[in-house]
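Student: Structure in structure tokens, see below.
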Amino acid sequence: MTKPQMSQAVGFTPDEVARLGNMFSSQNLRSVQTKLTATATELRNLANGRQRGGGLIANLGALLTPEQCQLLWDASRLVESVGQSVTHAKEKRVRSEKNTKRRQDARDALAKQLVARTFPLPTDAHNELLDTIKAALILNRARQFYTTYNPSEFNVYLRNELKTPDRLFGQSAEQHRVGNIRSLRYFMISDLTSHLAYDDGSSVEERLRLLQEEVAEAVAVTALTADERETLRQWKAALLQSSGQGEAP
């Protein structure tokens with residue numbers, strides 16, 4: 001059996017490198033490719049030093065025997081062979097990353113559409129502001145929003161958002177509270193969109209269906225607790241009071 005040349009990275013195939021490269025980005029592979037190219041070039045320069053005239057490389061190369069120069073040549077070809085496999089793996093990784101980005105962009109766009117259609121939460125009228133708070137409470141209970149808080153803690157958090165801070169920076173108390181709800185809505189829509197767009201192998205529509213099932217289960221157990229209804233009542237009273245309507249009987 002013919003022995004493989006030592007200057008060729010036998011078994012070091014692009015597919016093998018690509019398998020390893022899946023743990024790294026194309027940018028990582030590009031960086032390795034650049035280093036390998038530079039290393040091969042320096043090895044060849046040293047092996048050719050005695051033919052390059054003056055300079056440090058020439059002086060160093062002159063100290064080497066022909067056999068040692070040949071070893072450097074073989075090493076440069078080996079490094080170059082490795083570099084070629086890395087180059088192919090990098091190109092494959094670039095294509096994979098582009099495909100992944102296209103797929104994720106499509107999921108993001110669809111998720112935004114489904115969230116806008118399924119959770120239409122405008123924040124103009126007071127009853128719509130209250131709907132935002134109610135939706136946030138239910139989604140938290142279904143463990144789909146602000147999951148660092150349990151339902152009781154999240155309810156307290158929302159009630160605390162009613163408080164008027166010492167400084168309003170030119171806002172009215174109502175503007176401050178409405179701003180709190182708008183921020184809540186923004187983060188809720190953002191979290192829902194990210195949740196639906198996450199690529200776990202299932203479709204965006206399937207993730208929405210599972211989310212709706214989890215919300216339905218949470219509502220079936222307890223739509224809103226007495227404490228949560230009290231939070232909504234306090235918010236309603238505050239919003240009506242600030243608009244001069246007073247609390248509805």
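The values are calculated or read from the model by the stated rules, or taken from the named source; none is laboratory data. All of these numbers come straight from a predicted model, not from anything done at the bench. FYI the Cβ positions are ideal-geometry reconstructions off the backbone, even for glycines, and counts take in every protein chain you see.
Student: Hey, any hits in the stretch 208-223 for a residue that's exposed (fewer than 13 other Cβ atoms within 10 Å of the Cβ), touching a residue at least 12 places away in the same chain (Cβ under 8 Å) and either charged (D, E, K, R) or touching a His at 6+ places or on another chain (Cβ under 9 Å) (or both)?
Tutor: Taking every residue of the stretch 208-223 in turn, at least one turns out to be exposed (fewer than 13 other Cβ atoms within 10 Å of the Cβ), touching a residue at least 12 places away in the same chain (Cβ under 8 Å) and either charged (D, E, K, R) or touching a His at 6+ places or on another chain (Cβ under 9 Å) (or both).
Student: Still on this model: Can you find even one residue in the stretch 175-192 that is within 27 Å of HIS126 (Cα to Cα), among the polar types (S, T, N, Q) and within 19 Å of the chain's Cα centre (by Cα)?
Tutor: yes
Student: Return the only residue of LYS112, LYS134, LYS90 being outside the structural domain of GLU42 (by TED's automatic domain parsing) and either hydrophobic (A, V, I, L, M, F, W, C) or more than 18 Å from SER183 (Cβ to Cβ) (or both).
Tutor: Only one candidate qualifies: LYS112.
Student: Another question, then. Suppose we filter VAL94, VAL86, VAL115, VAL79 for residues that are assigned to a helix (DSSP H, G or I), under 25 Å from TYR186 (Cα atoms) and either touching a helix residue (DSSP H, G or I) at 6+ places or on another chain (Cβ under 7 Å) or in contact (Cβ under 8 Å) with a residue 12 or more places away in the chain (or both); which single one remains?
Tutor: VAL115
Student: May I ask you to list the residues in the stretch 85-111 that are within 22 Å of the chain's Cα centre (by Cα), at pLDDT below 95 and surrounded by 13 or more Cβ atoms within 10 Å (Cβ to Cβ)?
Tutor: Correct list: LYS90, LYS92, ARG93, VAL94, SER96, GLU97.
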